[in-house]
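Data first, discussion second: the structure below is written as structure tokens.
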There are 4 protein chains.
Amino acid sequence: MTYIYDSIIVGGGVIGGSIAFHLARRGKKVLLLEKNVLAGESSRAAAGMLGAQAELESSSPLFPLAKKSREMFPNIAAALKELSGMDIELVNKGMFKVALNDEQAEELKRKVEIHRSHGEQADWLSAEDVKNHEPLLSHSVLGAMFLPKDGQVSAHRLSLAFFSAAAVLGAEVKEFAAVHTFLIEKDRVNGVRTNCGDYFSENVIVASGAWSAELLKDFGMVLDTYPVKGECFSVVTTRPLLEKTIFAKGCYLVPKAGGRTIVGATEHPHTFNKKVSVAGVFSLMDKARRIVPSIVDSELECTWAGIRPQTGDGLPYLGEHPKYRGLFIAAGHFRNGILLSPITGELAAQWADGQAVPELEPFRVDRSFPSFIT
Amino acid sequence: MTYIYDSIIVGGGVIGGSIAFHLARRGKKVLLLEKNVLAGESSRAAAGMLGAQAELESSSPLFPLAKKSREMFPNIAAALKELSGMDIELVNKGMFKVALNDEQAEELKRKVEIHRSHGEQADWLSAEDVKNHEPLLSHSVLGAMFLPKDGQVSAHRLSLAFFSAAAVLGAEVKEFAAVHTFLIEKDRVNGVRTNCGDYFSENVIVASGAWSAELLKDFGMVLDTYPVKGECFSVVTTRPLLEKTIFAKGCYLVPKAGGRTIVGATEHPHTFNKKVSVAGVFSLMDKARRIVPSIVDSELECTWAGIRPQTGDGLPYLGEHPKYRGLFIAAGHFRNGILLSPITGELAAQWADGQAVPELEPFRVDRSFPSFIT
Amino acid sequence: MTYIYDSIIVGGGVIGGSIAFHLARRGKKVLLLEKNVLAGESSRAAAGMLGAQAELESSSPLFPLAKKSREMFPNIAAALKELSGMDIELVNKGMFKVALNDEQAEELKRKVEIHRSHGEQADWLSAEDVKNHEPLLSHSVLGAMFLPKDGQVSAHRLSLAFFSAAAVLGAEVKEFAAVHTFLIEKDRVNGVRTNCGDYFSENVIVASGAWSAELLKDFGMVLDTYPVKGECFSVVTTRPLLEKTIFAKGCYLVPKAGGRTIVGATEHPHTFNKKVSVAGVFSLMDKARRIVPSIVDSELECTWAGIRPQTGDGLPYLGEHPKYRGLFIAAGHFRNGILLSPITGELAAQWADGQAVPELEPFRVDRSFPSFIT
Amino acid sequence: MTYIYDSIIVGGGVIGGSIAFHLARRGKKVLLLEKNVLAGESSRAAAGMLGAQAELESSSPLFPLAKKSREMFPNIAAALKELSGMDIELVNKGMFKVALNDEQAEELKRKVEIHRSHGEQADWLSAEDVKNHEPLLSHSVLGAMFLPKDGQVSAHRLSLAFFSAAAVLGAEVKEFAAVHTFLIEKDRVNGVRTNCGDYFSENVIVASGAWSAELLKDFGMVLDTYPVKGECFSVVTTRPLLEKTIFAKGCYLVPKAGGRTIVGATEHPHTFNKKVSVAGVFSLMDKARRIVPSIVDSELECTWAGIRPQTGDGLPYLGEHPKYRGLFIAAGHFRNGILLSPITGELAAQWADGQAVPELEPFRVDRSFPSFIT
């Protein structure tokens, strides 16, 4: 049997988009299937922080990937702009992780030391130094860890640019195409059954975020993933409130192009409900005004929620199904899906191209043995 | 000269709509001109309370009109439903004005006595009695004045129904028709000049809310009106949070059809800016959760702002221009435009029909002499 | 085992809503589960025609139910208004099914005769007579069948009012609760497994429209249903374009409250894609302007699409699962879900209450034997 | 008297924004006043074509400015990106002006010759050559004039980036600030009166597009400008429909970033009404499908209208008021406001800085003598 598609990707979020882009770039014929609309879930909702150091310890098994992925962004931005005309609004001005009390200050100072001991850039700045950079910060900010290499992008534009660029390179992208089941022949996958018919390929990549577990549950596999709802709001001011991303306990503020600032995010595990609650917005506003008091005078633009895919041990699943050859899973990136999308796309493309990818070992899907049904 | 139009109405809010409806009902040929879209300002933003007693003292010169207007609603609702197919969602279940501290309780008890001494219905209910009616109220509610005759409607639907019913009865309604100036012949008006051309009538009624003063300033008249911005938000729950409207200091909660509750309203004088601020939403949420704690679990549906037309002495202007015969002003209803719309429409129609309308005496436009330029 | 819930309803559209309402009215404890938002699919998209005679032949097995359901609307409207405060905008002014060529005229005249021979009201009106009622109809209208008893409602408001009224009567309604599978004990259902946990009841009613087949496919049953996308648009005029609903080949125009007119609907089978195509809107506009030429001058308000659940033989499935007691299916109402919602709710409630319901016999789920996997 | 502001700009569209940006860049203290929201009118609605040669004859007095302005875009884009973080999505791939019949082909060939005779780049391409570049064009396209230097930007992003960059450089920008009148001392302006109070400067620049005439009418000046409404729609496809902008008689198609295509635009003179009509969308769809037939299968994303400021002789007004020194007018750019914004900003800034600006001579505001009231 000859297959029309080199790879079928299940899931139209930033991860699926990046895989499609990287495969199409290698000249592969790709079909991407999305059950609803492209970038309609967490890839649209995310604030777009590239917090390799802000979100992860240098010692985390995820850190090397995160660091490499962060470094890939300038080239990705240029390639996507060339192909899709879209600017992903990459900003490389660094991030402040601020302390609002002495305990937080001590913890951040320790983190600065740890980052440095691993050879990573990080600095402790006094309250005065931080305020020199960001004059609108409140007096409650006692200092900050400065991470010069952590940046940010427009999450939604990055996601759409991946799809658009992949399509320009020949990928087929179908929305409203829900995969019902995988087509299996003996011990290997050879396609998918969808509401629009069957599609065949020896290479099927599941990149369905928080929806991946549901899809795989009939195939001898209980992915230990669960959804975590996050609420955000945005404000608009003529003159930007901030220059750099501010990261605090339970609240971050990300300055966007043209005077927008995104404030996020609450965490409500185990729900796919995307409604915004009064409690969520109220608590975010309360935190934000303690960090940047003048935010209360700004215009409330929008409120929204997204569903992030968390896993039991906090690491994504990146690897082949233990029982079915050709079935690859790339899911569970939680709050780091935007940051990790370039490297995930690159490594999944290497795998689909038949290469050995040792970097994926820590993220094997059968790492948490007890959750597998045999 | 024969005139095509018996009356020209300037302003497409609830007041202009009611006047158009009442005139069309009398068989008059009416032209209504709106510079933007119909019911696009405070008539759309209002929560729709009919708080004749909640908002006004029985001794206010406005109270007799407010009371009469409140009584007109059932017939208005029936007539509008018949002509336009629209239900204005009139609810006649009464209103609770709640006390959150002892001082407020004392004040409300005094108001109960005053209402009663004027022959109006009003009752003081203990905290327990109020909670029997509204079990979700917080323990901070120490009691309430119950006003059984104060009700509410859908402000936006009422406004649209007035225009629609007037149109069915033959009124002409033009949107995006901005009146630049009045056409004057000697001492009487005989039309208006607009961006769409000139229209002629011996009877021109200005019902432009907070925008009226600007329009009249070149005609020897400084209406003492100013805009007051009010911010609101709405939540949705499957089971209604409340049965009756709850009115507290600086915050009201109005239960709407199908599980919606509107919470209002901030007051920012002297601005036409309709942006919603973080501060406004934050303070309303803070007040609302002190009255109905479980509101924090509900879905935030919408946030918005409207511009209410306030006057220097708090009374609307209802009467003929002192210098130009045929030029009538009906503006400055502040927070009571919805409530007062039926009676304003009726009285303006009587005036336009040539009748004497003694009820309008307290609202003459030249009552505040010093503000007139002569 | 004692069960908390008398019935669990799977699906938050107008059919599930009506069943919940009718069961709650009988004092039953009901849980309704919706995987996304209430009335988010065809119940929101529908134009709300109650076309018992316009859509169905008097000889159809569905006609008696449709007729009975149409008669239930005035009482339903009153009950829903009382409980939820919502007006469903029931209009009982009849419907014109218009002929645009001689062939259509002949066919409609035949239909008039057939309706009359079955004792139903129907009249043939000449072009002149029709234009006396609806002066904006074009000269292409050669005459019309008048169906005085066919009316219309607001589909979205009807749906929301069902949920709201059911909630007021004690029903629990959960959105974002996706049923993954049915819990079965021997030959009977005793609950559902959802993304929010398990819920137990001996009585589970599937009312998931076009999504029902997918849910039941693992339970020995291939429901012969499929989705049919329909695109619509709406216009707004100050004075209504039409008084009565106009029904033509491939196009209908439904006048709504306050000057809105809905124009529908295209038919694209076998897709869940709800995007609106240029082709769809263009063809509807082209048809509409041939019927009401002045519609081209009106304001385009909105465009949208919905997914209607069609079945192989055009009849809905209404009955118990042949293998699992307690599992009831109510799905496949295609273009008649709004019309049939009251009677479906009433009959499903009778069944859930243990009554025999002979009217359901023609709609048994195992009527189309070959599609069952045994 | 010392003035706080070097210049006050009246109007928050792309012209006012560019002037504010160019002045702020020169170190001037600028106040920009907008009566509603920034870029809320034609600057938001425009498709963003930079059609110096497509829209203008080489012999037009406007052509030298248009050409110079087109050349300024790359530098403007870089400066705005640096200051505001916003990418204005400048595309420099050229434009096809297509012929759909022999007459149009002849006319375009003549225009190619004229452009060339003025030393401008322009080529005639056969139908086959055009289809090699744009394979989705219909067989009705008989050939095209190719203008390699005409490009396009995102109109809305350009406008917002101007304001944002100006604000970063110290400009004050106020929305909802309506200028009522100019403050005059003898023969020179020294400020403006607004709904927020008076502001003083010896330099007031009116950049209020179609609203400018109204503002100036009380100052001895009848600007011969009028509004022209234009309706547009946009579609979205995964793979772009077109690479270059296509310009035809009565219809253009502009490919935007990420798979969006904008189709414009109707022309309805003498109305400020921004409602979208059925007729407008229908006629644009009809034209577009004759040029790119497969557009009918694409998703209809959005419909909208904008108000363009046209003048009696088709040229903008750029110059000082003949009676009041310090009062400068920059208005009436019709369909070329986006294209002309950089040069207009630059020249107005030169004027405000006291320089002589001979390029402005053809656009003097008193050029059309009879329309002045003296």
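The values are calculated or read from the model by the stated rules, or taken from the named source; none is laboratory data. Source: prediction; values computed, not measured. Cβ atoms come from the backbone with ideal geometry, glycine included; neighbour counts cover every protein chain shown. The protein model used for the area step is the full one, side chains on, heavy atoms only, and it has no ligands, DNA or RNA in it. Shrake-Rupley method; radii C 1.70, N 1.55, O 1.52, S 1.80 Å.
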Per-region count, segment C:276-292, residues within 14 Å of chain A (Cβ to nearest Cβ) and over 13 Å from C:Ala45 (Cβ atoms): 1
When segment C:160-172 is examined, which residues are found to be crowded, with 24+ Cβ neighbours inside 10 Å, among the hydrophobic types (A, V, I, L, M, F, W, C) and at the interface with chain B (Cβ under 7 Å from one of its Cβ atoms)? C:Leu160, C:Ala161, C:Phe163, C:Ala167
Which one is surrounded by the fewest Cβ atoms within 10 Å (Cβ to Cβ) among residues in segment C:42-74 that are of a type in the set (Ser, Thr, Tyr) and part of a loop (DSSP other than H, G, I, E, B)? C:Ser59
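Here is a yes/no grid of residues against (1) touching a Lys or Arg at 6+ places or on another chain (Cβ under 6 Å); (2) free of Cβ contacts under 8 Å to residues at least 24 places away in the same chain:
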site: A:Lys29; (1), (2): no, no
site: A:Ala39; (1), (2): no, no
site: A:Met49; (1), (2): no, no
site: A:Ala52; (1), (2): yes, no
site: A:Glu55; (1), (2): no, no
site: A:Ser58; (1), (2): no, no
site: A:Phe73; (1), (2): no, no
site: A:Ala78; (1), (2): no, yes
Among the residues of segment D:302-319, is any within 14 Å of chain B (Cβ to nearest Cβ), of a type in the set (Gly, Ala, Ser) and outside any loop (DSSP other than H, G, I, E, B)? yes
Please state which one of C:Ala77, C:Ala54 is closer than 20 Å to C:Asn336 by Cα and either away from every other protein chain (no Cβ under 14 Å) or among the polar types (S, T, N, Q) (or both). C:Ala54
Give the residue, chosen from A:Ala54, A:Ala47, A:Ala105, that is assigned by TED's automatic domain parsing to the domain that holds A:Gln121 and among the small types (Gly, Ala, Ser). A:Ala105
Please state which one of A:Gly332, A:Gly314 is within 17 Å of the chain's Cα centre (by Cα) and surrounded by fewer than 20 Cβ atoms within 10 Å (Cβ to Cβ). A:Gly314
Top-ranked residue in segment D:246-256 [being open to solvent by 20 Å² or more (accessible area, probe 1.4 Å) and touching a residue at least 40 places away in the same chain (Cβ under 8 Å); ranked as farthest from A:Ser159 (Cα to Cα)]: D:Lys249
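Looking only at segment A:213-237, how many residues end up being in a loop (DSSP other than H, G, I, E, B) and not hydrophobic (A, V, I, L, M, F, W, C)? Full working, then the answer.
Narrowing segment A:213-237 to residues in a loop (DSSP other than H, G, I, E, B): A:217-224, A:237.
Checking which are not hydrophobic (A, V, I, L, M, F, W, C) leaves us with A:217-218, A:220, A:224, A:237.
Residues that pass the stated criteria total 5.
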Quick check on segment C:188-245: of everything there that is among the acidic types (Asp, Glu), within 25 Å of C:Leu347 (Cβ to Cβ) and in contact (Cβ under 8 Å) with a residue 12 or more places away in the chain, which residue is surrounded by the most Cβ atoms within 10 Å (Cβ to Cβ)? C:Glu202
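Scan segment B:284-298 for residues that are under 11 Å from B:Phe233 (Cβ atoms) and either outside any helix (DSSP H, G or I) or in contact with a Pro (Cβ under 8 Å, 6 or more places away or on another chain) (or both) and report the count.
Within segment B:284-298, the subset under 11 Å from B:Phe233 (Cβ atoms) is B:284-285, B:288, B:295, B:298.
Now narrow it down to the ones that are either outside any helix (DSSP H, G or I) or in contact with a Pro (Cβ under 8 Å, 6 or more places away or on another chain) (or both): B:298.
Final tally of qualifying residues: 1.
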Residue satisfying all of: in segment D:358-374; among the polar types (S, T, N, Q) and open to solvent by less than 80 Å² (accessible area, probe 1.4 Å); modelled with the highest pLDDT among these: D:Ser368
Quick test of your reading of the structure: A:Asn132 fulfils all but one of (1) more than 25 Å from A:Gly27 (Cβ to Cβ); (2) open to solvent by 10 Å² or more (accessible area, probe 1.4 Å); (3) assigned to a strand (DSSP E or B). Name the failing condition by number. (3)
Residues to consider are D:Ala331, D:Ala356; find the one that is closer than 26 Å to D:Ser59 by Cα, of a type in the set (Gly, Ala, Ser) and out of contact with any helix residue (DSSP H, G or I) (no Cβ under 8 Å at 6 or more places or on another chain). D:Ala356
Is it the case that segment A:339-357 has a residue that's under 17 Å from the mean Cα position of the chain (by Cα) and either at pLDDT below 95 or charged (D, E, K, R) (or both)? yes
Whichever residue in segment B:173-187 is open to solvent by 40 Å² or more (accessible area, probe 1.4 Å) and in contact (Cβ under 8 Å) with a residue 40 or more places away in the chain and, among such residues, is farthest from the other protein chains (Cβ to nearest Cβ): B:Asp187
Tell me which residues, restricted to segment B:135-159, are in contact with a Ser or Thr (Cβ under 8 Å, 6 or more places away or on another chain) and open to solvent by 10 Å² or more (accessible area, probe 1.4 Å). B:Leu136, B:His156
Looking at C:Ser341, C:Ser298, can you tell me which residue is within 13 Å of another protein chain (Cβ to nearest Cβ) and open to solvent by less than 40 Å² (accessible area, probe 1.4 Å)? C:Ser298
In segment A:254-273, which residues are over 22 Å from A:Asn92 (Cβ atoms) and at the interface with another protein chain (Cβ under 7 Å from one of its Cβ atoms)? A:Thr271, A:Phe272, A:Asn273
Selected residue (criterion: surrounded by the fewest Cβ atoms within 10 Å (Cβ to Cβ)) from residues of segment D:80-115 that are within 14 Å of chain A (Cβ to nearest Cβ) and part of a helix (DSSP H, G or I): D:Glu82
When residues of segment D:259-283 are limited to those that are crowded, with 22+ Cβ neighbours inside 10 Å and assigned to a helix (DSSP H, G or I), the one modelled with the lowest pLDDT: D:Gly259
Taking first residues from segment C:263-280 that are farther than 21 Å from D:Met285 by Cα and second residues anywhere that are of a type in the set (Val, Ile, Thr), the pairs with Cβ under 9 Å that are 6 or more apart or on different chains are C:Pro269/C:Val228; C:His270/C:Val228; C:Thr271/C:Val228; C:Thr271/C:Ile307; C:Phe272/C:Ile307; C:Asn273/C:Ile307
